[in-house]
1. Could you check the spin-label model distance between B:GLN2 and B:GLU15? Points 7 Å from the Cα along Cα→Cβ, value in nm.
2. Placing +1 on the Cβ of each Lys and Arg and -1 on the Cβ of each Asp and Glu in the protein assembly as shown, which of B:GLY40, B:SER72, B:GLY91 has its Cα farthest towards the positive end of the resulting dipole?
3. Relative contact order for chain A: what percent, with Cα pairs under 8 Å and sequence separation of 6 or more?
4. Give a quick list of GluC sites (Glu not before Pro) in segment B:14-89 that DSSP marks as loop, anything other than H, G, I, E or B, with at most 11 other Cβ atoms within 10 Å.
5. Could you tell me the calculated FRET efficiency between A:VAL54 and A:ALA5, based on Cβ-Cβ distance and R0 = 35 angstrom, to the nearest 0.05?
6. What is the calculated FRET efficiency for A:TYR100 to A:GLU14, with r their C-beta to C-beta distance and R₀ = 35 Å, to the nearest 0.05?
7. In chain A, what percentage of the DSSP-assigned beta bridges are antiparallel, given to the nearest 5?
8. Length gain on complete extension for the stretch B:THR82 to B:VAL55, per 0.36 nm per residue less the alpha carbon to alpha carbon distance?
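Values quoted throughout were computed directly from the atomic coordinates according to the rules given, and no laboratory measurement underlies them. Keep in mind it's a predicted model, so treat the numbers as computed, not measured. Don't worry about glycine lacking a Cβ; one is built from the backbone with ideal geometry, like all the others, and counts go over all protein chains shown.
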Amino acid sequence: EAGVAQSPRYKIIEKRQSVAFWCNPISGHATLYWYQQILGQGPKLLIQFQNNGVVDDSQLPKDRFSAERLKGVDSTLKIQPAKLEDSAVYLCASSLDGTYNEQFFGPGTRLTVL
Amino acid sequence: GQQVMQIPQYQHVQEGEDFTTYCNSSTTLSNIQWYKQRPGGHPVFLIQLVKSGEVKKQKRLTFQFGEAKKNSSLHITATQTTDVGTYFCAGNFGNEKLTFGTGTRLTIIP
């Protein structure tokens with residue numbers, strides 16, 4: 001069974017530029033999560049989708065971050081414009097159906113904002 | 001806000017010694033999950049606890065969920081070098097999202 005795929009694996013941009021990350025969850029998984037993990041901290045949930053609807057985006061900085069999950073499968077997370085404090089690893093995860101199921105994480109995208 | 005605190009933040013143990021990390025919440029949790037993240041890697045699911053007072057074992061790992069469902073612990077017996085990594089608990093406050101703890105980073109001295 002294929003795992004959660006993410007791309008790119010690494011990205012370096014300058015502040016005020018825009019960037020987009022892509023995630024392909026495990027086939028059949030209804031719930032998709034985007035986390036931000038700053039070095040030395042635990043993952044922080046940015047947005048959670050159930051199929052193609054948003055369950056929670058309370059910690060998503062909506063003035064600069066956006067995410068979508070078209071057709072309830074793949075998802076993209078965008079930052080525009082980026083700030084220095086956005087430097088982090090962005091993790092995508094999926095679970096079969098909600099938070100009572102284990103989450104499978106992708107390898108993450110390491111973003112560096114200069 | 002709803003937070004999950006973990007202690008200690010760091011733990012260095014000699015290989016073969018035991019290791020314990022504790023997870024605490026100020027409010028009742030619906031369920032709690034534990035994840036392990038190797039250096040440079042991504043979190044990997046270890047286990048889920050749902051019932052009050054639940055105890056689960058996986059080989060050398062023992063997981064407990066407190067009677068009040070506000071705290072949890074992970075105990076590793078006779079640590080090995082393969083146990084190196086950061087251990088996170090993640091709690092569900094009944095709002096259908098997991099809040100990750102601050103993590104305990106375990107290093108093993110051979």
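1. Using points 7 Å along Cα→Cβ, the separation is 4.2 nm.
2. Positive-most Cα among the choices belongs to B:GLY40.
3. Relative contact order for chain A comes out at 37 percent.
4. Sparse-neighbourhood loop GluC sites (Glu not before Pro): B:GLU67.
5. 0.95
6. 0.25
7. If we restrict to bridges inside chain A, about 90 percent are antiparallel.
8. 7.4 nm
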